[in-house]
Amino acid sequence: MKKCLILLLVLFVLACNSSHDDYNADKALSSYKALPADVFRMVECIRMDTVDNKGREYNWEYRFEYDAHNRIKNIHGNIVRHVINPKNKRMYKKRVTFDNYYFYTKNNGLRIEYHAQIEFPEFAEWNDYVKYSFYGLFNNDGTILSFGPFECEYSYATHNKPYFDNGNIYTLLRNRYGNLNKAYFDNGNIYTLLRDRYGNVTGWSYIDAEERGESNEGLYRYTEYINNTNIDISGLLGYWIIERDVAGNEVALEPMFQLATFDMLGIRSINLPEAVWEFDSAGYPISAKLPTGMRLTIEYLK
């Protein structure tokens, strides 16, 4: 997929020395509301790991911190993976320790700060510390109206099947959110999310400013299990392509921000992604083996 340099505008500002001292997350007002914690169990940590065919280990850990309104406040991440040096085509270990800070600002604004320490154990001279800021705006219904280089268009048709058999969550989400239909980028790209009849994101299509298009249907599959956590796992895994086409945020599991993961882009994917899932005695997912072979584990707030 073609990446346009104009998307670098999303980096906006190499964040200046802003202070968090004047922000009180528990008192900040916003049209964005977190899903009810008495229905969607709140995730404290997600870990993932895998080993490639050369025996190299990859690890991802995301720890979530919430404010008094159960909105995401900070994501603390630790990632170890291996990347190719374009000069010599060799693989090198890369370690990233980062924090994503979420600020719910006046007039339904959203600011996300990304702070990351990047380390290459074999080459200390490649080490770096980066800090970026991203800005967005919520609709009155609590979904993203605009973020960085794109604007969102929603539709409000109902799904053919309730999320739970009693219909309670279906009614709740249907009344709060719409489906993200299209995303319009500053460079002329237009994305459309493709969904199954239950609303799960299964792929995407897009057309660029020169009217050249691409369609990717059936990329993602789902189980019959309802996702009863406060994290949209499909968003965490990078299925919502719109976020991936923002410059700097291309690597799904090394994100500079997360939107779909926290239902900021409208109705979530209802079911858990395709995997072999294990559940605790209360019916909440605790681990999975994805089709890629990656293992995923979930820990919850007590």
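Every read-out reported here was derived from the displayed coordinates using simple, explicitly stated rules and does not represent laboratory data. These figures come from a predicted structure and were not determined experimentally. Note: ideal-geometry Cβ built from the backbone for every residue, glycine included; neighbour counts use all protein chains shown.
With semi-axes defined as the square roots of five times the eigenvalues of the C-alpha gyration tensor, the equivalent ellipsoid of the chain measures 28, 24, 22 Å, largest first.
Give, to the nearest whole percent, the P(r) tail of region 195-238 beyond 12 angstrom, counting all Cα pairs. Of the Cα pairs, 69 percent sit more than 12 Å apart.
The mean of 1/r over all distinct Cα pairs in region 10-128, once inverted, gives the Kirkwood hydrodynamic radius of 17.0 Å. For region 20-35 and region 252-302, what is the separation of their Cα centres, given in Å? The distance from the Cα centre of region 20-35 to that of region 252-302 comes to 25 Å. Summary of packing: across the peptides 49-58, 135-144, the per-residue average of other C-beta atoms within 10 Å ranks them, highest first, as 135-144, 49-58.
The distance from the alpha carbon centre of region 188-210 to that of region 41-99 is 27 Å, rounded to a whole number. Placing unit charges on the Cβ atoms of the charged side chains and taking the dipole of region 26-114 about its Cα centre, the candidate lying farthest along the positive direction among Asn78, Phe40, Gly109 is Asn78. In the structure shown, the pairs Lys73/Lys106; Lys54/Lys131; Lys89/Lys182 are assessed against 28 Å; a Cα-Cα span above that value is assigned to Lys54/Lys131; Lys89/Lys182.
Distances between placed amide hydrogens fall under 5 Å for Lys94 paired with Arg81, His82, Val83, all partners being 5 or more residues away or on another chain.
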